[in-house]
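Below is one structure, written out as C-alpha cells, with a few remarks after it.
No lab work stands behind these numbers, since they all come straight from the coordinates. Since the structure is predicted, the reported quantities are computational estimates derived from the model, not experimental observations. All Cβ positions, even for glycine, are placed from backbone atoms using ideal geometry, and neighbour counts span all protein chains on display.
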Amino acid sequence: MLQQFPNISQSIADILASLSYLQGEFVLVVGFLTLIIGDLFLKKTRLFGLLCTLFTLFLSGIFLVLDLYASATATLIFNGMLVASATVIKFKLLVLVITLISLPFFYQDHRLRQHPKGINDFMSILLAMEIGLFLLIGSANLLMLYIGVEMISIASYLMVAYNAYQKDQAEAGMKYVLFGTVASAIMLYGISLIYGFTGTINLHGGAMVQGFEGVGFLASSISITMLLAGLGFKLSAVPFHFWTPDAYQVAPTSVVSFLSAAPKIAVFGLLYYIMPFFQEGDVFNQFIIAVAIASMLLGNIAALYQDNAKRMISYSAIGHTGFMLMLFVLPQGQILDVLFFYLAVYSVSNIAVFMALSYIENNYGYLQISQFKALGKQIPAIGACLVVLLMSLTGIPPMAGFVAKFLVFSAMVNAIDQSAVLWLLVVAVVTTVVSLFYYLKIPLNFFLKQSDANPLPAKSSALLAVLTIVLTVVVLLLGIFPGLLGGF
Amino acid sequence: MITLQHFLLISAALFALGLYGVITRRNAIQILMGIELMINASILNMVAFSKFDRAENTGQVFGLFIIILAAVAVAVALVIIMNLYKRVQTIDPSKTKSLKG
C-alpha cells in the first residue's frame, strides 16, 4: 500500500512539524467551539461570551507574540499551503489588537445588545472570522486564499445582517450577500483559469510566474484581473464598492467599525505577500493604478455630498483604500513599514471616530451631520476628540495621520521616474485637499453653528466616551512619537 | 473525442449565462441561481484542467472545496433573503428602495 504513495510519510512529517506554527489559530478554534457549545447551556449569559472571547483572543495574542520572537525567517508550512514569517505575524497581531479594541464597542452598541437572541452568537461569528483573517494573511496557495476570503465573507454577511429583524438591515444584508457571492464567483473563475494556465496553485516558487510568461498577455491579464476583483470587493475599492455605503449606513456602528478595519488589514497583508509573484507583467500594476485612482477620486468626491455621518465615513474609507493601494506599484521591499503604519493609524482613528458617532447616537439619537449643530457645548470632550481624529484622517500635523501620509508620499516620490506614479501622486494630493472639506463639516457643525434645539441626553455609554478619549490620545502620541509603533 | 476545448467552451458559456442572469433577473432567488451557475463553471474548469495534473490532482481537490463553500455561502444568502421577505414581502432588489445614494 505504502509503495503507491511514496510521498505520504514525508507529507506527514511536514504536517507534524508545521503544527507548532499555528498555535494562535488552534486557540481560536477551541475558543470558538467552547463559546458555541457553552452558549447552549448558559443561555444569554452575556458575561460568559465576553470572558470566553476575551480569554481566547488574549491567549492567541500571547502565542503570536511568542512566535514573533521565535521565528526569524519565512518558512512554508503544511506542504506549502501557509507561510509563517515575522511579517505575517505582525499583520495577525494588528488584526488581533483591532479586534480587542472593538470588543467593548460591540458590548456598548445598543443595537446589538437589544437583539432578542443575545450577543453570544455574534461573538462566536467574530471568533470564526478571526480564524479566517489569520488564514488569509498567512496563505501561500490559491486554495487557502479562497478559503480565507470565503470565511471572512460569510462571517461578515452574518455580522451585517445580524439585526435582520429590522427592515433596513435585512435589505442591506441582502445587497451585501448578493454582491459578495458574485465577487467571489468571479474570483473563483479567475483562480480556475490561473490553475489552467500555469498548472499550479502555489503562489511561492517560480512555477506560477513562469506559467504567466508562457501564456501571453491577454490570458494572464484576464485571469489576474478576475482574481483581484474578488480581493477588491473585500477592500471595497472602486468599482467593487457598491455595497459599502449601504452596509455602513444601516449595520450596527460597532460592526461597521470592525469591518472597515480588520478585513482590510488581512487583505492588504495578503496582497503584500503575493505582490512579487504578480508584478512580473504590467497587468498587476496597471490594475492597481486604475483602481487606486478611481477609489481616491470617487470616494473623496462622493463623501462631499453625504449628510449621514456613517455614509460619509464609508466613502472616505473607500478613498483611504485607494490611497493605500497606491503603495503596491512599488517593489515589495520598500513598502512594509509604511503600509503597516498607515494601516494601524487609519484603523485606530477610524474606530475611534465610529465610537464617537456611536456615543452621539446612543445619547441623542442623531445620525445626520446637520443635526450635530451646537453639540460641542454639551459634550466638549467628544467634540475635541472628533476634531483631533478627523484631522488625523485628513493628514494634518501633528496627528498620526500626517506622519502616515507623509511616509506614503515620501515612499512614492522615490519611484517618481515612472510616469504613472506622478499621476497617482497628483490625484492623492488633490483628493487629500478635497477630504478636508467633508471631514471638517463635523467640527463646523459641532462648534461654530448655532442651534435652537435643546436636546436632552440619555446619559449612557460612558465607556465609549472613555475609549474614544484613550484612542485619541494614542493617535496624538503616534503623531508626535511615530517610533512607538516600530519598536516591536 | 471530447477535448479540453469543449469543456472550456461549456464552462465559459455557463459563466456568461450566470453573469447574464445575475445582471438581468429581478428576483433574489434567481440571482442566486445565476451565481450558482458561475460557481459551477469554475468547478468544471478545475476538473477539466486537472486531467493534465495526474500527479497531484489539485483541481479535483479544489473542486470539492468549492462545492462545500458554495453550499455554505448559498445557505447564508437564503437565510438573509428569507428574513427580508418576512419584513417587506418582496425579494426584488430594485423594489427595496429605502437605501439610496
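According to the Kirkwood relation over distinct C-alpha pairs, the hydrodynamic radius of the range A:297-488 is 17.3 Å.
Computed over the range A:100-173, the Cα gyration tensor eigenvalues convert (square root of 5λ each) into semi-axes of 26, 15, 8 Å, ordered from largest to smallest. Distances between placed amide hydrogens fall under 5 Å for A:L82 paired with A:I77, A:A140, all partners being 5 or more residues away or on another chain. Here's the picture: charge each Lys and Arg Cβ at +1 and each Asp and Glu Cβ at -1 in the range B:4-88, and of B:V61, B:L84, B:A71 the one pushed furthest to the positive end of that dipole is B:L84. The tail of the calculated P(r) for the range B:4-88, taken as Cα-Cα distances beyond 15 Å, holds 63 percent of the pairs.
Strictly over 18 Å apart at the Cα level, which of A:K167/B:K86; A:K117/A:K234; A:K43/A:K117 would you flag in this model?
Pairs exceeding 18 Å: A:K117/A:K234.
For the range A:253-326, the alpha-carbon radius of gyration amounts to 1.24 times the rule-of-thumb value 2.2 N^0.38 Å expected for a compact globular protein. This model, with +1 at the C-beta of Lys and Arg and -1 at the C-beta of Asp and Glu, gives the protein assembly as shown a dipole about its Cα centre of some 1800 debye. Peptides A:413-421, A:346-354, A:220-228, A:111-119 ordered by packing proxy, namely the average of other Cβ atoms within 10 Å per residue, highest first: A:346-354, A:220-228, A:111-119, A:413-421.
Relative contact order of the range A:127-210, taken over Cα pairs closer than 8 Å and 6 or more residues apart, is 27 percent. Inter-chain Cβ neighbour count for A:143-153, averaged per residue, equals 3 (cutoff 10 Å, partner chain atoms only). Which values of log₁₀ I(q)/I(0), to two decimal places, follow from the Debye formula for the protein assembly as shown at q = 0.08, 0.09, 0.11 Å⁻¹ with a uniform point scatterer at every Cα? Cα-only, vacuum Debye calculation for the protein assembly as shown: -0.54, -0.70, -1.07. When chain B is modelled as a GNM with alpha-carbon springs shorter than 10 Å, which of B:R54, B:R87, B:R26 fluctuates the most? Per the Cα network of chain B with a 10 Å cutoff, B:R87 tops the list.
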